[in-house]
Amino acid sequence: MPAVRALADRYRLTGEWPEGPDWIDHLLAREALWVDAQDGRAAGFAGVLADGGITHLTDLFVDPDALGRGTGKALLAAALPSGGARTTFASGDPRALPLYTRAGLRPLAPLLYLRGGMAGGAAAERIPVEAVPAGRPGVLAFLRSVGAYGLRAGEGSAVVRAVPGAALLGPAVASADDLLALAGAAAAAHGEVKLAIPGPHPGLQPLLEAGLRIVDADTYMASEPGLDDLERRIPHPDLG
């Protein structure tokens, strides 16, 4: 695990988990972490969570010094089942899309990472994390255990967790108006809000108009369309 964490730090993957347990601990507890160990170091690792009927590839990172040796392909073959409902968020690395496409995943939509403050607050009530109908009971239970809370606005609801300088929103299920209210409430409480929103979600435009900015982008990939409602569901960026 020290070698895995050294590689995670090299990619700056744990900055929003300043205290344990973090998502790596959750993967380990679920026996969902695969490592390619070479000469006492982690040449690469992959995380896969089966939760709510969907298997989500949370991570696949290869040490830059081990690129081009088949490490990513070997990890993917070991960690990700060859059938069933599967999803992942592919990075902008040009090797990612071909690798996941050959594994049977289809690039279906951009996934845009937003961050920023929003003027004014919004009416929202706190609810139990498990009351958010995000379809990932294991993820919800873990997020509750690390201090996250639930918010409801109208017919929408979201999990919110404080991260350095902001609130991370997701998973969530909400229409455009309700998502705007949830994001506004989270920003009012924590200074800024961060979330990962699928490109087809109608809340993207009003969130940008409200002052959020796009800071990064991935590609949402799935074994088939319809596994996630891309016009309503907001995923957790690390856990799906």
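The values are calculated or read from the model by the stated rules, or taken from the named source; none is laboratory data. Fair warning: this is a prediction, and the values are worked out from it, not measured in the lab. Backbone-built Cβ (ideal geometry, glycine too); neighbour counts: all protein chains shown.
Within the range 202-215, the presence of at least one residue that is under 27 Å from GLY147 (Cα atoms), surrounded by fewer than 18 Cβ atoms within 10 Å (Cβ to Cβ) and within 15 Å of the chain's Cα centre (by Cα) is confirmed. Scanning the range 153-172 for residues being surrounded by 20 or more Cβ atoms within 10 Å (Cβ to Cβ) and not small (Gly, Ala, Ser) gives a total of 6.
Within the range 80-104, residues that are assigned by TED's automatic domain parsing to the domain that holds ILE197 have Cβ atoms under 6 Å from residues that are surrounded by fewer than 16 Cβ atoms within 10 Å (Cβ to Cβ) in no pair, counting only partners at least 6 apart in sequence or on another chain. When the range 120-137 is filtered for residues that are at pLDDT 95 or above and surrounded by fewer than 18 Cβ atoms within 10 Å (Cβ to Cβ), the ones remaining, listed by number, are GLU125, ARG126, ILE127, PRO128, GLU130, ALA131, PRO133, PRO137. Among strands (runs of 3 or more DSSP E) entirely within the range 148-240, having at least 3 residues that are modelled with pLDDT of 95 or more and within 30 Å of GLY83 (Cα to Cα) singles out 166-173, 193-198, 213-222.
A quick yes/no check of all residues on (1) of a type in the set (Lys, Arg); (2) under 27 Å from PRO198 (Cβ atoms):
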{"site": "ARG5", "(1), (2)": "yes, no"}
{"site": "LEU33", "(1), (2)": "no, yes"}
{"site": "THR55", "(1), (2)": "no, yes"}
{"site": "PHE61", "(1), (2)": "no, yes"}
{"site": "ASP65", "(1), (2)": "no, no"}
{"site": "GLY70", "(1), (2)": "no, no"}
{"site": "GLY84", "(1), (2)": "no, yes"}
{"site": "LEU97", "(1), (2)": "no, yes"}
{"site": "LEU108", "(1), (2)": "no, yes"}
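Whenever a residue of the range 52-74 is assigned by TED's automatic domain parsing to the domain that holds ASP93, its partners that are polar (S, T, N, Q) and surrounded by fewer than 16 Cβ atoms within 10 Å (Cβ to Cβ), lying with C-beta atoms within less than 8 angstrom and at least six residues away or across chains, give the pairs ALA66/GLN38. Of all residues in the range 108-147, those satisfying the criterion of being in a helix (DSSP H, G or I) and free of Cβ contacts under 8 Å to residues at least 40 places away in the same chain are VAL129, GLU130, ALA131, LEU140, ALA141, ARG144. Looking at ALA79, ALA46, ALA96, just one residue is touching a strand residue (DSSP E or B) at 6+ places or on another chain (Cβ under 8 Å), more than 20 Å from ARG5 (Cβ to Cβ) and buried (at least 19 other Cβ atoms within 10 Å of the Cβ), and that residue is ALA96.
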